[in-house]
Structures are given as C-alpha cells and as structure tokens.
Amino acid sequence: HRDQVPELLRAELERECERLKLVKDQVRSIEAAHRRDIAQGKQPLVEQLARLSAIGPKSAWALVKEVFGWREFSNRRELASSLGLVPTPYDSGDRQVEQGISKAGNKRVRALLVELAWAWLRLQPDSALTQWFNRRFAAGGKRMRRVGIVALARRLAIALWRYLQHGEIPAGAVLKPTAA
C-alpha cells in the first residue's frame, strides 16, 4: 500500500515512472516516423531488406543506418572487416593459432547480425545459408553452434550486402508477400 512506502522513495519512483513514460512516448514517435518514411518510399534500402523473411523493419533500419546506407564496400572482406567479423590468426614461426574474430568493428551491428542469424535459421529453413550452417555446425555441441552462428552472421551480412547492391536474393531465401 501507499502508506508502506516512504514518501521520498515514493516521489522518486513516481519521477522515474514519468521519465519511463516520456522515453516510451519518444520511442513510439520515432518508430511511427520510421514507418511513415518506409510507407512513403523514403527509405528504399530499409524497405528492400525488410522484404526478406527473418528481417523486420527495426533490424533493417539499423543495418541501413549503421552499415549499408552510407558506406561503399569494394568486396566482402571489407564489409566483414568493418563489422569485426574477420578471423585473427596468430602466426609466429612454426606456431599458427586461430584467435577468433577481430571484434574491431561496430559492436551493435555485430550483435544484431548474430541475432538475425538465429532468426534466419528459424525463418529461412530452406535457404542455402541455413543448409550450410546445418551441415557444418548443427550436429556439433553448444560451443560449435555458437562459433557457427558467428560464421553465419558474417555470411548473412555478405548476402544482405549483395542483395542491396546487386539485387541478388540470398539462395533459397523467401521474401515476405507484398501487400497489394
């Protein structure tokens, strides 16, 4: 009950609730503006990415604004390097060790791509990317699947780049039905 919470604490909680409401209202407003821009054709790359099953408008917006919408990549290696999804080998004399991915790129986009890779496996089961993952990593243990999902994220980023640059739909991928 109200009487059990000290007055100063209650006032602080009420202020926090007001701040939370303000932030939620601002997020709703931004999302509505994004939806309007997409509906009016002002964001063609976002619209194109969001046509793929497994990629929603928020993810498409983030990928376009953070990676694909402002930077030109010459090749897939440049793209993967900008995302920190390239291997970092250690080669010293007769000792060669793979140290994992570089993680030198955009951390938010890398995390988003890993999340999208998991969604891709679920929502694009017939795609060549999913079949590649299943052949190489699905039968392995938990650690192998985690390694594999990062590899899939890299391949997915490259496939999405090719889709946006050249219109190449990833092999076996399904597009969402168009609203006509």
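The values are calculated or read from the model by the stated rules, or taken from the named source; none is laboratory data. All figures in this text were calculated on a predicted structure; none of them were measured in a lab. Because the Cβ atoms are built from the backbone with ideal geometry, glycine has one as well, and the counts that use them run over all protein chains shown. SASA here: full protein model, heavy atoms, side chains in, ligands and nucleic acids out. Shrake-Rupley method; radii C 1.70, N 1.55, O 1.52, S 1.80 Å.
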* Proximal aspartates and glutamates to LYS107, defined as alpha-carbon separation beneath 14 angstrom and excluding residues fewer than eight positions away on the same chain -> GLU66, GLU115
* Structure fact -> The base-10 log of I(q)/I(0) that the Debye equation returns for the chain at q = 0.09, 0.15, 0.19 Å⁻¹, one scatterer per C-alpha, is -0.45, -0.92, -1.28
* Going by alpha carbons, how many degrees (0 to 90, nearest 10) lie between the helix axis of 107-123 and the longest principal axis of the chain? -> 80
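Please report the equivalent ellipsoid semi-axes of region 24-73, computed as sqrt(5 x eigenvalue) of the Cα gyration tensor, largest first, in whole Å.
Working from the Cα gyration tensor, I get semi-axes of 19, 12, 11 Å.
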* Asked: Using a 1.4 Å probe, how large is the accessible area of ARG95, given in Å² and rounded to the nearest 10?
  -> 140
* Structure fact -> Note to self, the chain gives a 222 nm [θ] from helices alone (DSSP H runs n ≥ 4, -39500 (n - 2.57) apiece, / all residues, nearest 500) of -18500 deg cm²/dmol
* In degrees between 0 and 90, to the nearest 10, how far off the longest principal axis of the chain does helix 142-166 point, with axes built from Cα atoms? -> 90
* Which distance in Å, rounded to a whole number, links the C-alpha centroids of region 102-136 and region 6-20? -> 41
* Cα Rg, Dmax, region 1-91, angstrom units -> 21.5, 67
* To do: For region 32-180, give the magnitude of the charge dipole about the Cα centre (Cβ charges: +1 Lys/Arg, -1 Asp/Glu; no others), in debye to the nearest 20.
  => 460
* Asked: By how many degrees, between 0 and 90 and to the nearest 10, does the Cα long axis of helix 7-39 differ from the longest principal axis of the chain?
  -> 50
* Structure fact -> Cross-link reach from LYS65 to aspartates and glutamates, straight Cα distance under 17 Å and at least 8 residues apart if same chain, gives GLU31, ASP37, GLU47
* the chain, accessible surface, carbon-and-sulfur percent (1.4 angstrom probe) -> 53
* **Solvent-accessible area per residue for the chain (1.4 angstrom probe, square angstrom)** => 66
